[in-house]
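**Q** The structure's right below; bear with me while I get my questions together.
The values are calculated or read from the model by the stated rules, or taken from the named source; none is laboratory data. Remember, predicted model here, so these are calculated numbers, not experimental data. Here Cβ is always computed from backbone atoms with ideal geometry, including for glycine, and neighbour counts include all displayed protein chains. Heads up: the accessible areas ignore ligands, DNA and RNA and are worked out on the full protein's heavy atoms, side chains in. Shrake-Rupley method; radii C 1.70, N 1.55, O 1.52, S 1.80 Å.
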Amino acid sequence: MRGAAKKEMQIILEVLREMSSAVAMEATRRRQRLSSNGGASETTEEPAGQWGRAWEVDWFSLSAVILLLCTAPFLVFFFVMVCDQYQCSVSQPLVELYSGEATLRSIWEKAPSFTWTAAQIYTVWVSFQVVLYMCVPDITHKFLPGYAGGVQDGARTPAGLINKYEINGLQSWLITHALWYANAQYFHWFSPTIIFDNWIPLLWCTNILGYVVSTFAFVKAYLFPTNAEDCKFTGNVFYNYMMGIEFNPRIGKWFDFKLFFNGRPGIVAWTLINLSYAAKQQELYGYVTNSMILVNVLQAIYVLDFFWNEAWYLKTIDICHDHFGWYLGWGDCVWLPFLYTLQGLYLVYNPVQLSTTHAAAVLLLGLVGYYVFRSTNHQKDLFRRTEGKCSVWGKKPTFIECAYRSGDGSLHHSKLMTSGFWGVARHLNYTGDLMGSLAYCAACGFGHIHPYFYIVYMTILLVHRCVRDEHRCSSKYGKDWKRYTDAVPYRLLPGIF
Ligand code: NDP
């Protein structure tokens, strides 16, 4: 009996040993997968990949996430409400609150609330963009020379997949704007000021969609992820909700959440929102100011550039590294259309007519900014597409060879350019973007700080993005990244930062 018990004990111990060694092997495999997931360089001992968002959340990140979740919707409301109630004065409501003249409740009650008209407008708008995105395959690439539309490959995901995308954003933008123009000129189905006239009620509708989409993406990641291998869980529900779990959530083969929500309905709407502001100026004052025209033109260049280069956009951080959560879902539905268009909104309430010199300086700053932004992005795209076999500023580009591993463990090679704009600083595309952003703000004159919120926000966004990207690249390329930063020591401003 004792012998049988001893034998049983031995078997149990054997099984336990087997199990613990299996667990240890799995942990090692997982660690290896993590460290290659985002690709620690083969020469480094980086413990975990830095592809996109984090695997673990520190207290600082968690506090920032909770702060943003709690305050961002109110910040958007504040900047729109101050125009509606205080002629875009940012300080006036604070002074009134401080002196007791107003209360949070009285401010809230004065703001227009949700309306079914706005809900109908927004439903028609989003549905129309879904139809254009899903049901109208691109034909513009067949007759626009140099435009890359139609089915295009995205970048390799952490799990090693390459997704296909239907690039038809330019076509959607053109059809939408042609219809807008036809309505304004001939059909008169609705007023061209319709967006402005329903602006705060629309804010509630966009919030509903933003939260529904983010929550759906969150639940979907647990229940039916598009590609489970590309999901990231931190164990912290707030962080997962905000930064996203799934990398490329899709419904069916083609409805890609990131491409749809990043590109449309917010960015297609951007230029229409500005046109609606210009129409409102015309209706209120009988003229459109040169500042409004400048804002419309400079931002339209930026939007058109985005759609012309939508295939290139597939290779940017948003698509290549960010997961889809509240940050992208709510941000694209609410933050982008409301806060990227603050200048036009401000100019409806404060019509500024700029002197010729001021207008010319703004135009120059905007165009130079755009040139730096576009050329820098173009140089990298050309360099990567041709694997360095191209000409940049009339010369063969110089570069540093790098190696990294993807999530499936395979080894890949890459190159970091060290000439052209990429030899001047490591992120001159952001610098150009910031110059353009400053130009939009400066078009509003210097009467209020309200329209300048945009440049403050863009500076925070792009500096943070730069640091985040460099952290990831450093994990990905290891000492090769160090060689690159030694060769190109500045980030945004040569000699300064
Ligand atoms: P980048 O286009 O600068 O891409 C960064 C990536 O490029 C890195 O992760 C690395 O990727 C690769 N890379 C870095 N250095 C080099 C080099 N020297 N040579 C070749 N490749 C290099 O960043 P984003 O995707 O953030 O931005 C794209 C554009 O979008 C920018 O112009 C930005 O201003 C704009 N933007 C605008 C926003 C807005 O709200 N208006 C928001 C965000 C971006 P890899 O892993 O492939 O090596």
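**Q** In nanometres, what is the gap between the two model label sites at Glu96 and Val212, each 7 Å from Cα along Cα-to-Cβ?
**A** The modelled label-to-label distance comes out at 3.3 nm.
**Q** Considering all projection directions equally, how large on average is the shadow of the alpha-carbon convex hull of the chain, in square nanometres? Please report the intermediate quantities before stating the final value.
**A** Numbers: hull surface 124.6 nm².
Taking a quarter of the hull surface, the average projection is 31.2 nm².
**Q** Right, another one. Please identify the trypsin sites (Lys or Arg not before Pro) of region 250-293 that satisfy two criteria: DSSP loop assignment and at most 15 other Cβ atoms within 10 Å. Which are they?
**A** Details: sites: Arg250, Lys253, Lys258, Lys280; in loops: Lys253.
Of the trypsin sites (Lys or Arg not before Pro), the ones in loops of region 250-293 whose Cβ has at most 15 other Cβ atoms within 10 Å are Lys253.
**Q** Same structure, new question: Here is the link list: Lys315/Lys415; Lys389/Lys482; Lys164/Lys380. Which ones come out longer than 19 Å on Cα distance? The partial results should precede the final answer.
**A** Numbers: Lys315/Lys415 15 Å; Lys389/Lys482 24 Å; Lys164/Lys380 21 Å.
Violating the 19 Å limit, Cα to Cα: Lys389/Lys482; Lys164/Lys380.
**Q** How would region 264-306 be classified by its alpha-carbon gyration tensor: rounded, prolate or oblate, with rounded meaning a/c under 1.5 and the a/b versus b/c comparison settling the rest?
**A** Details: a/c = 4.97, a/b = 1.75, b/c = 2.83.
Verdict is oblate for region 264-306.
**Q** Another question, then. Leaving ligands, DNA and RNA out of it, report the carbon-plus-sulfur percent of the accessible area of the chain at a 1.4 Å probe.
**A** Ligands and nucleic acids excluded, carbon and sulfur reach 66 percent.
**Q** Further, regarding this structure: Regarding region 184-266, what are the three Cα extents along the principal axes, ordered largest first, in Å?
**A** 52, 28, 16
**Q** Percent of Cα-Cα pairs more than 14 Å apart in region 321-392, please. Don't jump to the answer; show the numbers that get you there.
**A** On the way: 1985 of 2556 pairs.
Everything past 14 Å amounts to 78 percent.
**Q** To continue, here is another question. Add -39500 (n - 2.57) for each DSSP H run of 4 or more in the chain, then divide by its residues: what number comes out at 222 nm, to the nearest 500 deg cm²/dmol? Provide the component values of the computation, followed by the final result.
**A** Working: 23 runs with 307 residues, N = 497.
Taking each H run of at least 4 residues, the total per residue is -19500 deg cm²/dmol.
**Q** Round to the nearest 10 and give me the degree value, 0 to 90, for the angle of helix 428-442's Cα axis relative to the longest principal axis of the chain.
**A** 30 degrees
**Q** Each residue of region 319-333 in order: what ³J(HN,Hα) in whole Hz does its phi give by Karplus 6.51 cos²θ - 1.76 cosθ + 1.60, θ = phi - 60°, with x for Gly and Pro?
**A** Taking θ as phi minus 60°, the curve returns 8, 7, 10, 7, 8, 9, x, 4, 3, 8, x, 5, x, 6, 6 Hz for region 319-333.
**Q** Please get the size of the charge dipole for region 106-235, origin at its Cα centre, with Cβ charges of +1 on Lys and Arg and -1 on Asp and Glu, quoted in debye to the nearest 20. Could the numbers behind the result be given before it?
**A** Details: 6 positive and 7 negative charges, 18 e Å.
Taking the Cα centre of region 106-235 as origin, the dipole is about 80 debye.
**Q** Same structure, new question: Solvent-accessible area per residue for the chain at a 1.4 Å probe radius, Å²? The partial results should precede the final answer.
**A** Numbers: 23690 Å² over 497 residues.
Ligands and nucleic acids excluded, the result is 48 Å² per residue.
**Q** While we're looking at this one, here's another question. With charges only on Cβ, +1 for K and R and -1 for D and E, what is the dipole size of the chain about its Cα centre, in debye, rounded to 20? All intermediate terms of the calculation are to be shown ahead of the outcome.
**A** On the way: 40 positive and 36 negative charges, 275 e Å.
Charge dipole, the chain, about its Cα centre: 1320 debye, nearest 20.
**Q** Now a separate question. Taking the Cα centre of region 359-446 as the origin, how large is its charge dipole in debye, to the nearest 20, when only Lys and Arg (+1) and Asp and Glu (-1) carry charge on their Cβ atoms? Walk me through the intermediate numbers first.
**A** Working: 10 positive and 5 negative charges, 56 e Å.
Approximately 260 debye in magnitude.
**Q** Let me ask something else. Go through Ile208, Pro225, Tyr302 and say which Cα lies farthest out towards the positive end of the charge dipole of the chain; charges sit on Cβ, +1 for Lys and Arg, -1 for Asp and Glu.
**A** The listed residue farthest towards the positive side: Pro225.
**Q** So, one more: Rg and Dmax in Å for region 344-447, alpha carbons only: what are they?
**A** Rg then Dmax for region 344-447, in Å: 19.4, 60.
**Q** To the nearest 10 degrees, how steeply does helix 266-285 sit against the main Cα axis of the chain, on a 0 to 90 scale?
**A** 20 degrees
**Q** For region 325-402 and region 76-139, write down the distance between their C-alpha centroids in whole Å.
**A** Computed from Cα coordinates, the inter-centre distance equals 26 Å.
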